[in-house]
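J.: To start, I am sharing the structure in question, which I have written as structure tokens.
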Amino acid sequence: MISFLMRRTIPRCRAYSSQTTSELTKVEVNEKTGVAVVTLNRPPVNGLNVAALRSLEKVIGDLETNKCKGLILSSSSKNIFCAGLDLTEIYKPDQEKLKSLWTAFQDLWIKLYGASFPTTAALNGHAIAGGCVLALSCDYRVMVPNSSIGLNETELGISPTAWIIASMQNVLSKRSVELALLQGRIYKTNQALEIGLIDEIANDKDETIKKCEEFIAKYSRVQSLAFSLTKRELRGKAISELTSNRQGDLQFFVDSINNPSVQKFLEKYLQSLKSKKN
Ligand SMILES: CCCCC/C=C\C/C=C\C/C=C/C(=O)SCCNC(=O)CCNC(=O)[C@H](O)C(C)(C)COP(=O)(O)OP(=O)(O)OC[C@H]1O[C@@H](n2cnc3c(N)ncnc32)[C@H](O)[C@@H]1OP(=O)(O)O
């Protein structure tokens, strides 16, 4: 359990106190503001396996319980926010593990997209596929230059499911969503800003966090209850649609991944990622 100790006398530079809940997700809470920096920590690329998804979900649940004032999602990697689902878990998958993976991703999205406090993504690097979904689930996105963000599922031979599309529709114009999803397009930082996929550009990781703090501070005069009820009004439909069709959504994912042409593509895709270094 993360404890919130509001010691107002703590100097600014010491305000964040480390409260590690798991090696996979580090949590630091600013004791002055109640804002939590949550850092994804699964090197090398923060690939989302079941343990990483569950760890982040638990942290968000704890932050809810402790009436967190805001969340800044970050990454311990130098130039990668998150490379999405762990591809090694979906290539030649164990069927039970595959189901657990998608169920954990659904659970995490429900918590993050529906969080009752302001949420931000401090994108210190690439945010691809599932990594982009995490960013889209937050209320605000700040990214460093020369990084990539987008949902490349159609390029991988599969279709994003309804709640992933809804997360993108919440942020982009209808036209931009169509182009982004149908082309499986990955955007560079400046292109992402142009279409509204991110909200701001920052020079480095520290600045992404500072800009996220500034965004969250804008809510200091907003009543927490009014904030959470309004957010629920705005996002509740997409969440209810998933909660009432979790099994169908899971089956769609499992069938997509088990499709022989997707498996064939994944084999080549993984090889191409590995051979980049040679
Ligand atoms: C198949 C899709 C399922 C669709 C399901 C249906 C509908 C739902 C829709 C969406 C849900 C989400 C799905 C996903 O998230 S699937 C994951 C898609 N992710 C990617 O395509 C990203 C792939 N990675 C990259 O593009 C690059 O790695 C990078 C992030 C741009 C970083 O580049 P960089 O040059 O800095 O690093 P490397 O490429 O050298 O990578 C280092 C190391 O990590 C391995 N790796 C990279 N990405 C992943 C990953 N997602 N999972 C597991 N491992 C990954 C890479 O192979 C290298 O390994 P090595 O052993 O060579 O060190």
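J.: Enumerate the pairs (first residue in the range 119-133 and among the acidic types (Asp, Glu); second residue anywhere and at pLDDT 95 or above) with beta-carbon separation below 9 Å, excluding pairs fewer than 6 apart on the same chain, so at least 6 apart or on different chains.
T.: none
J.: Given the options Gln191, Gln263, name the one that is surrounded by 13 or more Cβ atoms within 10 Å (Cβ to Cβ), free of Cβ contacts under 8 Å to residues at least 24 places away in the same chain and either among the polar types (S, T, N, Q) or within 15 Å of the ligand (Cβ to nearest atom) (or both).
T.: Values: Gln263 fails: free of Cβ contacts under 8 Å to residues at least 24 places away in the same chain.
Of Gln191, Gln263, the one residue that is surrounded by 13 or more Cβ atoms within 10 Å (Cβ to Cβ), free of Cβ contacts under 8 Å to residues at least 24 places away in the same chain and either among the polar types (S, T, N, Q) or within 15 Å of the ligand (Cβ to nearest atom) (or both) is Gln191.
J.: Within the range 149-177, work out how many residues are under 27 Å from Leu270 (Cβ atoms), under 15 Å from the mean Cα position of the chain (by Cα) and more than 6 Å from the ligand (Cβ to nearest atom).
T.: Looking only at that region, the number is 7.
J.: I'd like to check something: does the range 90-103 contain any residue that is under 19 Å from Val171 (Cα atoms), open to solvent by 20 Å² or more (accessible area, probe 1.4 Å) and without any contact (Cβ under 8 Å) to a residue 60 or more places away in the chain?
T.: First, the residues of the range 90-103 that are under 19 Å from Val171 (Cα atoms): none.
No, the conditions are met nowhere in the range 90-103.
J.: Looking at the range 12-50 only, could you name the residues that are modelled with pLDDT of 95 or more and surrounded by fewer than 16 Cβ atoms within 10 Å (Cβ to Cβ)?
T.: Pro43, Pro44
J.: Scan Gly70, Gly125 and give me the residue that is away from the ligand (no atom under 15 Å from the Cβ) and open to solvent by less than 40 Å² (accessible area, probe 1.4 Å). Quick ask: steps written out before the conclusion?
T.: Details: Gly125 fails: away from the ligand (no atom under 15 Å from the Cβ).
Answer to the check: Gly70.
J.: Which residue out of Phe252, Phe215, Phe227 is near the ligand (Cβ under 10 Å from one of its atoms) and surrounded by 12 or more Cβ atoms within 10 Å (Cβ to Cβ)?
T.: On the way: Phe215 fails: near the ligand (Cβ under 10 Å from one of its atoms); Phe227 fails: near the ligand (Cβ under 10 Å from one of its atoms).
Phe252 is the lone residue from the list that is near the ligand (Cβ under 10 Å from one of its atoms) and surrounded by 12 or more Cβ atoms within 10 Å (Cβ to Cβ).
J.: Just name the residue that is nearest to the ligand (Cβ to nearest atom) out of those in the range 30-64 that are of a type in the set (Gly, Ala, Ser) and more than 16 Å from Glu213 (Cα to Cα).
T.: So the first thing to find is which residues in the range 30-64 are of a type in the set (Gly, Ala, Ser), and the list is 34, 36, 47, 51-52, 55, 61.
Keeping just the survivors that are more than 16 Å from Glu213 (Cα to Cα) gives 47, 51-52, 55, 61.
Working: Gly47: 4, Ala51: 14, Ala52: 11, Ser55: 16, Gly61: 22 Å.
Checked the range 30-64; the qualifying residue nearest to the ligand (Cβ to nearest atom) is Gly47.
J.: Run Arg141 past the list (1) without any contact (Cβ under 8 Å) to a residue 60 or more places away in the chain; (2) not in a strand (DSSP E or B) and report the number of the one that doesn't hold.
T.: Arg141 satisfies every listed condition except (2).
J.: Before we move on, is Ser77 polar (S, T, N, Q), within 16 Å of the ligand (Cβ to nearest atom) and closer than 19 Å to Trp163 by Cα? Quick ask: steps written out before the conclusion?
T.: Working: polar (S, T, N, Q): yes; within 16 Å of the ligand (Cβ to nearest atom): yes; closer than 19 Å to Trp163 by Cα: no.
No.
J.: Which residues, taken from the range 266-278, are closer than 15 Å to Asp86 by Cα and either open to solvent by 70 Å² or more (accessible area, probe 1.4 Å) or without any contact (Cβ under 8 Å) to a residue 60 or more places away in the chain (or both)?
T.: Of the residues in the range 266-278, the ones closer than 15 Å to Asp86 by Cα are 266-267, 269-271, 273-274.
The answer is Glu267, Gln271, Leu273, Lys274.
J.: Would you mind stating whether Gly84 is within 15 Å of the ligand (Cβ to nearest atom) and open to solvent by less than 10 Å² (accessible area, probe 1.4 Å)? Show your work before the answer.
T.: Working: within 15 Å of the ligand (Cβ to nearest atom): yes; open to solvent by less than 10 Å² (accessible area, probe 1.4 Å): yes.
Spelling it out, Gly84 is indeed within 15 Å of the ligand (Cβ to nearest atom) and open to solvent by less than 10 Å² (accessible area, probe 1.4 Å).
The values are calculated or read from the model by the stated rules, or taken from the named source; none is laboratory data. Here the structure is a predicted model, which means the values were calculated and not measured. In this analysis, Cβ positions are derived from the backbone assuming ideal geometry, glycine residues included, and neighbour counts consider all displayed protein chains. In case anyone asks, the SASA skips ligands and DNA or RNA and just uses the protein heavy atoms, side chains included. Shrake-Rupley method; radii C 1.70, N 1.55, O 1.52, S 1.80 Å.
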